[in-house]
Amino acid sequence: MDDFEATIVGELDRWQRAGKVAQFWLRDDDAVEPTAPLERLLSISGAFSVPLTLAVIPAHTGAALVERLQPEPSCSVAVHGWSHRNYAGPDEKKQELGRHRPAAEILDELQQGFDRLAELHRERFVPMLVPPWNRIDAALVPQLAGLGYQALSVYGPEKPAALPLVNAHVDVMDWHGTRGGRDPQALAVEIAARLRFMFDHGGAVGLLTHHLVHDEAVWDFMTALFTVTADHPACRWTPVADILRKQQPSIG
Ligand SMILES: [Zn+2]
């Protein structure tokens, strides 16, 4: 067993000895239409029966993606903002859903995004908002339930919020360095750390991918991760809707 496998399996074995099962979920951002990288994502996740949640950009998507996903029963679709446009200034972190525009304008777009994807994707639609760049003005969050959203998915440990959070916790991409895949052993250590937190505090581990910009390192990492986890008795790759159903609404 190499270090990568030992890091993850060592933790999962501890879960198994305790009679516990860790929930994993896979969130992939920025899908719009069928592409070669999307095929690869569907193929790798499908090969290991890993349910997939695509965060789809409503303004730019259409019937072609709906058609492509037809034979993919374990693929869900969530709302990735409206147009994924950055309204922040050059010195700020990128944001579509920040304080740069009137709240009413943003909420109107988020309603359109919800309605459009619900209509297009029907039963695979999940009423969850995935803000572009994982950022949203906190003042908007209490308004989301009124638009039909039942959950919000950003990045990092879940904090108290006006809507249930189903976050991603491990990002495969090295955005600020190579802009390719991160070191697999560093990712394994992060997954094991998240598993240790979950052992005591509950929750799931969300893996975040961006199929359109993956290099070979990311595809290799995903294959390696699925290989060591998918058949482990203490790991369950779970549809996000199932995680959402178990989520307790929190107020904050
Ligand atoms: Zn995005």
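Please enumerate the residues belonging to segment 136-172 that are open to solvent by 40 Å² or more (accessible area, probe 1.4 Å) and over 18 Å from the mean Cα position of the chain (by Cα).
If the condition is that a residue be open to solvent by 40 Å² or more (accessible area, probe 1.4 Å) and over 18 Å from the mean Cα position of the chain (by Cα), then Ala138, Ala139, Pro142, Gln143, Ala145, Gly146, Pro160, Ala162 are the ones that fit.
Looking at Gln23 and the list (1) away from the ligand (no atom under 16 Å from the Cβ); (2) within 19 Å of Asp220 (Cβ to Cβ); (3) not in a helix (DSSP H, G or I), which single condition is not satisfied?
Of (1) away from the ligand (no atom under 16 Å from the Cβ); (2) within 19 Å of Asp220 (Cβ to Cβ); (3) not in a helix (DSSP H, G or I), only one is false for Gln23: (2).
Output the residues belonging to segment 178-234 that are within 16 Å of the ligand (Cβ to nearest atom) and of a type in the set (A, V, I, L, M). Working first, answer last.
The initial filter retains those residues of segment 178-234 that are within 16 Å of the ligand (Cβ to nearest atom), namely 179, 206-214, 218.
Answer for segment 178-234, where residues must be within 16 Å of the ligand (Cβ to nearest atom) and of a type in the set (A, V, I, L, M): Leu207, Leu208, Leu212, Val213, Val218.
In this structure, is His80 within 15 Å of the ligand (Cβ to nearest atom), surrounded by fewer than 16 Cβ atoms within 10 Å (Cβ to Cβ) and of a type outside the set (Phe, Trp, Tyr)?
Numbers: within 15 Å of the ligand (Cβ to nearest atom): yes; surrounded by fewer than 16 Cβ atoms within 10 Å (Cβ to Cβ): no; of a type outside the set (Phe, Trp, Tyr): yes.
In short, no.
Tally the residues that are assigned to a helix (DSSP H, G or I) and free of Cβ contacts under 8 Å to residues at least 12 places away in the same chain, restricting the search to segment 191-215. Before you say what the answer is, go through the steps one by one.
Of the residues in segment 191-215, the ones assigned to a helix (DSSP H, G or I) are 191-201, 211-213.
Keeping just the survivors that are free of Cβ contacts under 8 Å to residues at least 12 places away in the same chain gives 193, 200-201.
Adding up the residues that qualify gives 3.
Residue check, Val9 against (1) more than 16 Å from the ligand (Cβ to nearest atom); (2) assigned to a loop (DSSP other than H, G, I, E, B); (3) of a type outside the set (D, E, K, R), all met but one. Which one?
(2)
Answer yes or no as to whether Trp175 is in a helix (DSSP H, G or I), open to solvent by 30 Å² or more (accessible area, probe 1.4 Å), farther than 25 Å from Pro73 by Cβ and within 16 Å of the ligand (Cβ to nearest atom).
no
The values are calculated or read from the model by the stated rules, or taken from the named source; none is laboratory data. Computed from a predicted structure; not experimentally measured. Please note: Cβ atoms are built from the backbone with ideal geometry, for glycine as well, and neighbour counts cover all protein chains shown. In case anyone asks, the SASA skips ligands and DNA or RNA and just uses the protein heavy atoms, side chains included. Shrake-Rupley method; radii C 1.70, N 1.55, O 1.52, S 1.80 Å.
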